[in-house]
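**Student:** Sharing a structure below in structure tokens format, with a few things to ask.
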Amino acid sequence: MPDTPAGSLPPVSIEFGSVEWREEVERYDPRSPARAQAQSARKTIEADTTKLDWKRCKADGPGGTKLPGARKLYVPLGRQSASQAPYGFVFQLIQKPDDSLAWSMIAFGERHPADERTRNIYERAHKRLHGRYP
Amino acid sequence: MEETAQAALLAVSGAGLVSAGLRGYHGSMATAVKRLDLAVGEFVEIAGRRYEVVPDREGGVTIEPPITPVAQLHARRGTKPASTEDFERLSADVPHDDEG
């Protein structure tokens, strides 16, 4: 499902790797709201019928998170506030062996976990990018 | 990060591991405590599941299901991070917010 950038740039696909999906989404109970929301959002993204409300991640973010080259979507899609969209996907722009570009999902989780021991989505994305928590 | 450091744990207690939901025996059995000398970045296997030792927020450690680093995924798939130029070209009009 392509994400078509402005102008004449070629479309960029959006990919959900099986490893990342298992580690990020399937860690939640199958009946959990988080997992259901992730599955619903993925279905909408792959259907490519909805304009996606992308946001850039910060190269130097709160809590020491460093997410250069990454963008995010809040979940449920189309909602912004943390109360209405408590989850998010983070994607890294990657270059594939055929030189095409794709947005590859690297993290899914809570934006503002109620349990302070729970890592938020930005910390999880940082760990996947850098191999350790900030 | 050393990924080969694994240990099979049968019964575990201790601050870090208790926080991961692991507790000793209950009922008529005495609690069996197995002390582990684990460092951040090591992996353990419990009941066939793999966990990574990570820092908690209180100066200790805990365990959690591992997050495979993108470097490993790129190596497997033959992919790599796109250039900064490509990212900026595609994201010039995409806004930030203050979250992260």
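**Student:** Students often forget the sequence filter, so: which lysines lie under 23 Å Cα-Cα from A:LYS55 once same-chain residues fewer than 8 apart are removed?
**Tutor:** Correct list for A:LYS55: A:LYS43, A:LYS66, A:LYS72, A:LYS96, A:LYS127, B:LYS80.
**Student:** Could you check the spin-label model distance between B:ALA47 and B:GLU88? Points 7 Å from the Cα along Cα→Cβ, value in nm.
**Tutor:** Here the modelled spin labels are 5.1 nm apart.
**Student:** Separate question: If each DSSP helix of 4+ residues adds -39,500 (n - 2.57) and the sum is divided by the residues in chain A, what number results at 222 nm, nearest 500 deg cm²/dmol? Numbers along the way, then the final one.
**Tutor:** On the way: 3 runs with 32 residues, N = 134.
That calculation yields -7000 deg cm²/dmol at 222 nm.
**Student:** Output wanted: per-residue J couplings in Hz (rounded whole) for segment B:78-87, from phi through Karplus 6.51 cos²θ - 1.76 cosθ + 1.60, θ = phi - 60°, x for Gly and Pro.
**Tutor:** Each residue of segment B:78-87 in turn: x, 9, 7, x, 5, 5, 4, 5, 5, 4 Hz.
**Student:** I've got another one for you. At a Förster radius of 25 Å, what calculated FRET efficiency corresponds to the Cβ-Cβ distance of A:VAL19 and B:ALA32, to the nearest 0.05?
**Tutor:** On the way: r = 34 Å, r/R0 = 1.38.
E between A:VAL19 and B:ALA32, to the nearest 0.05, is 0.15.
**Student:** OK, next. Determine the shape class of segment A:67-134: with a ≥ b ≥ c the square roots of the Cα gyration tensor eigenvalues, call it rounded for a/c under 1.5, and otherwise prolate if a/b is greater than b/c, oblate otherwise. Intermediate results must be reported in sequence, preceding the final value.
**Tutor:** Details: a/c = 3.50, a/b = 1.45, b/c = 2.40.
Note, shape of segment A:67-134 comes out oblate.
**Student:** Using alpha carbons only, how many degrees (0 to 90, rounded to 10) separate the axis of helix A:121-130 from the longest principal axis of chain A?
**Tutor:** For A:121-130 against chain A, the angle is about 60 degrees.
**Student:** Something else about it: Quick one: 3J(HN,Hα) in Hz for segment A:35-43, Karplus 6.51/-1.76/1.60 with θ = phi - 60°, rounded, Gly and Pro as x.
**Tutor:** Working through the residues one at a time gives 5, 4, 5, 5, 5, 5, 5, 4, 4 Hz.
**Student:** What is the list of residues in segment B:81-100 whose amide nitrogen lies under 14 Å from a point 7 angstrom out from the Cα of A:HIS112, following Cα to Cβ?
**Tutor:** B:98-100
**Student:** Also, quick follow-up: Convert each backbone phi in segment B:38-48 into a coupling constant with the Karplus relation 6.51 cos²θ - 1.76 cosθ + 1.60 (shift: θ = phi - 60°), then list the ³J(HN,Hα) values in order as whole Hz, x for Gly and Pro.
**Tutor:** With coefficients 6.51, -1.76 and 1.60, one gets 10, 10, 3, x, 7, 10, 10, 10, 10, 6, x Hz.
Computed from the coordinates by the stated procedures, all read-outs in this text should not be read as laboratory data. Source: prediction; values computed, not measured. Here the Cβ is made from the backbone with ideal geometry for all residues, glycine too, and neighbour counts use every protein chain on show.
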